[in-house]
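To keep things clear, I will list the structure first and then write my remarks on it.
The values are calculated or read from the model by the stated rules, or taken from the named source; none is laboratory data. Not measured: the values here are computed from a predicted model. Here the Cβ positions follow ideal geometry from the backbone for every residue, glycine too, while neighbour counts run over all protein chains shown. Calculation scope for accessible area: heavy atoms of the full protein, side chains included, ligands and nucleic acids excluded. Shrake-Rupley method; radii C 1.70, N 1.55, O 1.52, S 1.80 Å.
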Amino acid sequence: NAGVTQTPKFQVLKTGQSMTLQCAQDMNHNSMYWYRQDPGMGLRLIYYSASEGTTDKGEVPNGYNVSRLNKREFSLRLESAAPSQTSVYFCASKEDIGELFFGEGSRLTVL
Amino acid sequence: GNSVTQMEGPVTLSEEAFLTINCTYTATGYPSLFWYVQYPGEGLQLLLKATKADDKGSNKGFEATYRKETTSFHLEKGSVQVSDSAVYFCALSDRGGSYIPTFGRGTSLIVHP
């Protein structure tokens, strides 16, 4: 029962470096999401993909790009990391109006 | 647009106390409603859900009833345990065509022995 798998779980970057967070789901869900979680801010949607081949901006897309590689995989890229992007990132997936299934999170620190 | 409002925390209780976390929503369509729980250092996981008015979701002693007349989905538990300490999120998904679930800000629950 893998569900939603995110890698890496932890990462430390220097300002200006780039990295990609990987996400894969094995539940055949159409929709996938990237959120960030910061203390006192709840969950904020970065990007989402309603179905394979489509991506759309969420609430806080600046500084990020995404790729829906296929139905299973949805990656999040930071092209030039900034300290403001220090956060915990969650990938999630769902089908229609069903519940979201979340990964365990990726904890990113940008120095 | 859709929105979810839940009571701010932290909520601090003694073990075996009664818990209520309030959640109200606005939605343009006919949403499904959810409570998610996040334990320290983990991702969110579904606690319970309700898909139509008057449905009651329940799991692990927690309950919530979908009240369309008051647009509410309050979370309750009769006797909390230390292991219930976590952050609880109320959320909705709308049948109206939006693919974006809407979350409340989360309520931290701390249960003392």
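A simple rule links phi to the HN-Hα coupling: the Karplus curve 6.51 cos²θ - 1.76 cosθ + 1.60 with θ = phi - 60°, which for the range B:80-87 gives 7, 10, 4, 5, 7, 4, 5, 9 Hz, with x for Gly and Pro.
The separation of the range A:17-61 from the range B:39-113, counted between C-alpha centres, amounts to 21 Å. Electrostatic tally near A:L108: other residues with Cβ closer than 13 Å to its Cβ, Lys and Arg +1, Asp and Glu -1, net +4. Taking amide hydrogens as placed 1.01 Å from N in the peptide plane, the amide H of B:H74 sits under 5 Å from those of B:C23, B:T65, each at least 5 positions away in sequence or on another chain. Excluding B:P113 itself, what net charge comes from residues whose Cβ is under 15 Å from its Cβ, given Lys and Arg +1 and Asp and Glu -1? With Lys, Arg at +1 and Asp, Glu at -1, the neighbours total -3.
The magnitude of the dipole of the protein assembly as shown, with charges of +1 and -1 set on the Cβ of Lys/Arg and Asp/Glu and taken from the Cα centre, is near 460 debye. Cross-linked pairs B:K49/B:K77; A:K94/B:K52; A:K57/B:K49; A:K14/A:K94; B:K56/B:K77; A:K57/A:K94: Cα-Cα separations exceed 25 Å for A:K57/B:K49; A:K14/A:K94. With a cut-off of 11 Å between beta carbons, the residues surrounding A:S87 carry a summed charge of +2, where Lys and Arg count +1 and Asp and Glu -1. Along the range A:9-18 the Karplus relation, 6.51 cos²θ - 1.76 cosθ + 1.60 evaluated at θ = phi - 60°, assigns HN-Hα couplings of 7, 9, 7, 10, 10, 9, 3, x, 6, 10 Hz to successive residues, with x for each Gly and Pro. Considering chain B at the alpha-carbon level, its Rg and Dmax are found to be 13.6, 45 Å.
In terms of its alpha-carbon gyration tensor, chain A comes out prolate; a/c meets the 1.5 threshold, and the first ratio a/b outweighs b/c. Can you compute the modelled spin-label distance between A:N65 and B:Y30, with each label point 7 Å from Cα toward Cβ, in nm? A separation of 4.3 nm, rounded to one decimal place.
Computed from phi, the 3J(HN,Hα) profile of the range B:49-56 under the Karplus parametrisation 6.51, -1.76, 1.60 (θ = phi - 60°) reads 8, 9, 9, 8, 4, 6, 5, 10 Hz, with x in place of Gly and Pro.
Each part reduced to its alpha carbon centroid, the range B:9-31 and the range A:70-111 end up 26 Å apart. For the protein assembly as shown, the carbon plus sulfur part of the accessible surface works out to 49%, probe radius 1.4 Å.
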